[in-house]
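To start, the structure under review is shown below, and the notes come after it.
Bear in mind these aren't lab numbers, they're just calculated from the coordinates by the rules spelled out. The structure displayed is predicted, hence computed values, not measured ones. So basically every Cβ, Gly included, is an ideal-geometry build from the backbone, and we count neighbours across all protein chains shown.
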């Protein structure tokens, strides 16, 4: 296409190379808030979450457990599975980084047996999917980006002693039970990363996991 991206076009006016877009965006996030944590990895993680959200006002709502980055990175370096609440969350996890560390990305919400169980129990498929994958959750990264009931089911499983994930990324979004599920997560002694209130979503959950995968890959390269 003649002139595509050239002078006089919108891309010519506003477009930048991908690396420059990222550099400028991260600089804007870091320079716009004084609420960034002092710990380097937690700071980088918060910046990435805010970048993914495009929301400079998100920082006060993000809660990063003091042991979250270390616990998540260590689990991923050991090849722990990444258990997601559904396909949207799983699709956002970097397949390249996950494969590099030998981490399987799993979700079960589309399995026929999950639909059958949900029809019987009158619970959501996301909740039943967490129950189905409960034997894979011990020591795993449990990642909830869309469904509050998946997070509630996960916490019920942990409370019952069925599993203990290495880290919970709890970022369900919505107006029904999302805020409550995250407050319940905050009350548990499992390392977590969450966003208080109704905000969240699979892009933010996946950005969290991808940042932790990056930390883990860097650690794996060190002698």
Worksheet item: When the chain is treated as a GNM, springs tying every alpha-carbon pair under 10 Å, which of 17, 148, 95 comes out with the largest mean-square fluctuation?
Response: 17
Item to complete: Pull out the extension gain between residue 13 and residue 111, defined as 0.36 nm times the separation in residues minus the alpha carbon to alpha carbon distance; nm, one decimal.
Response: 30.6 nm
Worksheet item: What is the distance, in nm, between label points placed 7 Å from the Cα along the Cα-to-Cβ direction at residue 164 and at residue 104?
Response: 2.3
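Considering Cα pairs under 8 angstrom that are at least six residues apart, work out the relative contact order of the chain and quote it in whole percent. List each step's numbers first, then the result.
Numbers: 389 pairs, mean separation 49.4, N = 223.
Reported as a whole number, the value is 22 percent.
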Worksheet entry | Max mean-square fluctuation residue, GNM over the chain, Cα-Cα springs under 10 Å, options 146, 124, 194 | 124
Discussion item. If the elastic network links every pair of Cα atoms under 10 Å, which of 118, 98, 205 fluctuates the most in the Gaussian network model of the chain?
Written reply: 118
Discussion item. With n ≥ 4 as the cut-off for DSSP H runs, can you work out [θ] at 222 nm for the chain, using -39500 (n - 2.57) per run divided by the number of residues, rounded to the nearest 500?
Written reply: -15500 deg cm²/dmol
Worksheet item: Tilt of helix 18-32 relative to the longest C-alpha principal axis of the chain, in degrees (0 to 90, nearest 10)?
Response: 80
Worksheet item: Between the helical axis of 202-221 and the dominant principal axis of the chain, each derived from Cα atoms, what acute angle in degrees is found, rounded to the nearest 10?
Response: 80
Item to complete: Convert 25 °C to kelvin, take the viscosity as 0.890 mPa s, use the Kirkwood radius over C-alpha pairs of the stretch 128-223 as Rh, and evaluate the Stokes-Einstein diffusion coefficient in µm²/s, rounded to a whole number.
Response: 182
Discussion item. Compute the angle between helix 112-121 and the longest alpha-carbon principal axis of the chain, please, reported from 0 to 90 degrees and rounded to the nearest 10.
Written reply: 60
Worksheet item: Using 1/(1 + (r/R0)^6) with R0 = 30 angstrom and r between the beta carbons of residue 156 and residue 63, what's the FRET efficiency to the nearest 0.05?
Response: 0.90
